[in-house]
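Comments concern the structure below.
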Amino acid sequence: MLYAVLIISILTMFYEFRQLKEKHCVREMVVSLTLFTVGTTLIILELVHVELPSPLTGIRWVFQPVSQYFARILS
């Protein structure tokens, strides 16, 4: 299954890069490469059963100090 994910990701990346290269879209290529890399890495980590943290943990880590600040101001 791991090899299938890698092959499909690489083929999709080549197909999309070919279209973006014809249009000379460098910024879109960089963003696309970044998203493909992150997505493929997350899929591979999920396939090998690595415990991934919930996105809510990161959101809570960022916004908890902000909410505490506003709670102190409003009280």
Which of (1) 47; (2) 52; (3) 61 gives percent of Cα pairs over 18 Å apart as computed here? It is (3)
Computed from the beta carbon distance with a Förster radius of 30 Å, FRET efficiency for LEU6 and ARG27 to the nearest 0.05 stands at 0.70
Rounded to a whole %, the carbon-and-sulfur portion of the accessible area of the chain at a 1.4 Å probe is 72 percent
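The values are calculated or read from the model by the stated rules, or taken from the named source; none is laboratory data. Keep in mind it's a predicted model, so treat the numbers as computed, not measured. Using ideal geometry, Cβ is built from the backbone for each residue, glycine included, and neighbour counts are taken over all protein chains shown. For accessibility, only protein heavy atoms count, side chains too; no ligands or nucleic acids. Shrake-Rupley method; radii C 1.70, N 1.55, O 1.52, S 1.80 Å.
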